[in-house]
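Take a look at the structure set out below.
The values are calculated or read from the model by the stated rules, or taken from the named source; none is laboratory data. Every value quoted in this text rests on a predicted model; they were computed, and no experiment measured them. For neighbour counting, all protein chains shown are included, and Cβ atoms are generated from backbone atoms with ideal geometry for every residue, glycine included. These accessible areas exclude ligands, DNA and RNA; they are computed on the full protein's heavy atoms, side chains included. Shrake-Rupley method; radii C 1.70, N 1.55, O 1.52, S 1.80 Å.
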Amino acid sequence: MRIHIIFSFPTLKLGMSQTEENYLKIIYKITERDNRHAGTNAIAAAMHTAAASVTDMIKKLANKQFIHYEKNKGVFLTDTGLQLARKMVRKHRLWETFLYEKLHFAWDEIHDIAEQLEHIQSDELVERLDALLGHPRFDPHGDPIPDAQGNFTARQQVLLSEMAVGESGVLVGVQEDSSIFLKYLDKIALNLGTIIEIAEYFEYDGSMRIRINQGAEQVISPKVSQNLFIKRKP
């Protein structure tokens, strides 16, 4: 079952630096899956910068009415900030898809290049890119791509760590998209579309033994299982 989320992009002509765009995108990524606030430390870790720098940027973004700040909770995007963030996310994920599908970069190589390309401001270029790719709904990491109107498709998915012994499903996304993690998944033959069955759960440390594509078995750590999104088999 797919759920279509509708969100319209207005025409926005707001002066923003690339750093401000990056902050909005990071805040969106932190909050998109469970609608929570983004804390200063979480933003700092994602931006690889000091908490003091994050505090300064939060003030700037709040003054521009892109975010709201709540004491002891963190920040969340205003409607305008959300519109801008989703537009950035759309560009980033389309570029990742282009790099992966058309230029055959590995899925662990595309993020950093897309980070550079996403700041191109041409809406016409983005729409032609979308058409060239056939209007994809998900990027190579399994993340939803908003369309030109801001609509995106959400799947019914759970983390592998939330499943029980004997359950199985298809790997449809990753919560972490760092190069080192994606290379590790390649090494143990876990890619999007892989069928995973939980064969055994180890209560001592939360690790589990999984069966891959009804064949080879692999023991994975809790850190891995907590970063894999699975669409359960009916």
In whole percent, the Cα-Cα distances of the chain spread across 5 Å bins from 0 upward as 1, 6, 13, 17, 17, 16, 13, 9, 5, 2, 0, 0
Between the modelled labels at PHE202 and ASP56 (7 Å from Cα along Cα→Cβ) the distance in nm is 4.6 nm
With every protein chain kept in place and a 1.4 Å probe, the chain has an accessible area per residue in Å² of 54 Å²
Checking segment 185-222 for chymotrypsin sites (Phe, Trp or Tyr not before Pro) in a loop per DSSP with at most 10 other beta-carbon atoms within 10 Å yields TYR204
The computed P(r) of segment 139-207 puts the percent of Cα pairs beyond 17 Å at 53 percent
Per 10 angstrom bin, beginning at 0 and ending with the bin that holds the maximum distance, the Cα pairs of segment 178-225 fall in percents of 26, 56, 19
Once the in-chain neighbours fewer than 8 apart are removed, the lysines whose Cα is under 28 Å from LYS25 read LYS13, LYS59, LYS60, LYS64, LYS71, LYS73, LYS87, LYS91, LYS102, LYS183, LYS223, LYS231
With the 8 Å Cα cutoff and a minimum separation of six or more residues, the chain has a relative contact order in percent of 18 percent
So MET47 and ILE113, fully extended at 0.36 nm per residue minus their Cα-Cα distance, gain in nm 22.2 nm
Between ASN191 and THR80, the FRET efficiency computed from the C-beta separation at R0 = 35 Å comes out, to the nearest 0.05, as 0.40
